[in-house]
1. Answer yes if at least one residue in region 24-32 is free of Cβ contacts under 8 Å to residues at least 40 places away in the same chain, within 16 Å of the ligand (Cβ to nearest atom) and of a type in the set (A, V, I, L, M, F, W, C), and no otherwise.
2. Kindly provide the set of residues from region 216-227 that are crowded, with 24+ Cβ neighbours inside 10 Å, closer than 18 Å to residue 144 by Cα and touching a residue at least 40 places away in the same chain (Cβ under 8 Å), ordered by number.
3. Of the residues in region 262-295, how many are of a type in the set (Phe, Trp, Tyr) and either surrounded by fewer than 24 Cβ atoms within 10 Å (Cβ to Cβ) or over 20 Å from residue 246 (Cα atoms) (or both)?
Amino acid sequence: MTERLEDIANKMVAEGKGILAADESTGTIKKRFDTISLTSTEESRRDYREMLFRADAMKDYISGVILFDETLRQAARDGTPFSRIIQDAGAVPGIKVDQGAKDMALSPGEKVTEGLTGLRGRLKEYYELGARFAKWRAVITIDGPLPSWNCVKANAHALARYAALCQENGIVPIVEPEVLMDGERAKHDIDRCYEVTEWTLKTVFTELYDANVMLEGMILKPNMIVPGDHSGQKASVEEVAEKTLRCLKSCVPPAVPGIAFLSGGQSDEQATAHLSAMNAMGQLPWKLTYSYGRALQTAALNAWGGKMENEAAGQRAFNHRARMNSLAATGRWSETEEKKAA
Ligand code: 13P
């Protein structure tokens, strides 16, 4: 029997659990491996992902894993498909289906995400391979007068068309409109981030409505409301939590079962502290959890360092980060917990 989209979506935001974003494209994982001077090959990518997917954290703190095409088709060293390892840990395998943010024609400095052509066929194949949710990331750049309405509208429209195709094929869409906080051009303050995120989210939900997307069967993956990396501004944990919640409450209907944040370049501890502060602020209409890439993986990647003999150390680092974020997903993280060694 086909699972209901609502049930899959609810499982993805189960109490105290969140999503591991391990869907780095071949180009992005190379950049990550460069930081530990490791050559990116099919084998090294497999070894790294196997280290993560076999960690204890998977059972206790991870509800779903976003994979890249290669990884969904890949197997562990003993031949077990990664999708099976993920399912056996009680988590849902997911797949990144967008084909990247490309320069937008006649809109200098802006990107639009591509990948709708042939998407229906790819979703059917991914379903057969075990994926039950998907991800599409749109990026919105703040820079002076940017973003343009053209960019916000085109990206929101593509997200809605993607989400409708997913639901038609029994797959829960993660809808990810990321207002960037990192990069040289990110000089904006926190209030400009608020304004652009609010505009983007309102546009996205209008497009989702027009496209007949069932809100109960999707997950939103937004940025938090933070100042740009090069703004010179620092915001307190309370300010980020309060502004992010205010923005989300004004834009995200309560029919959406869950919001799973991206980390977007925040430090590991900031991403955890912000999430915990929001969950500690009282009753919310949706689950609020993590769908972190860098903030769940960086410590593990460094501890592993590309060496088989460090596999257990890499897993310990991942277990610790995942446990901290699980506490944050229920508003119970503290610096004391953080200091308890991994
Ligand atoms: P970060 O948490 O590293 O931003 O990655 C999450 C993600 O999946 C971006 O698409």
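Please treat every number below as a calculation from the coordinates, not as lab data. Computed from a predicted structure; not experimentally measured. All Cβ positions, even for glycine, are placed from backbone atoms using ideal geometry, and neighbour counts span all protein chains on display.
1. Scanning region 24-32 turns up at least one residue that is free of Cβ contacts under 8 Å to residues at least 40 places away in the same chain, within 16 Å of the ligand (Cβ to nearest atom) and of a type in the set (A, V, I, L, M, F, W, C).
2. The one that is crowded, with 24+ Cβ neighbours inside 10 Å, closer than 18 Å to residue 144 by Cα and touching a residue at least 40 places away in the same chain (Cβ under 8 Å): 226.
3. 2
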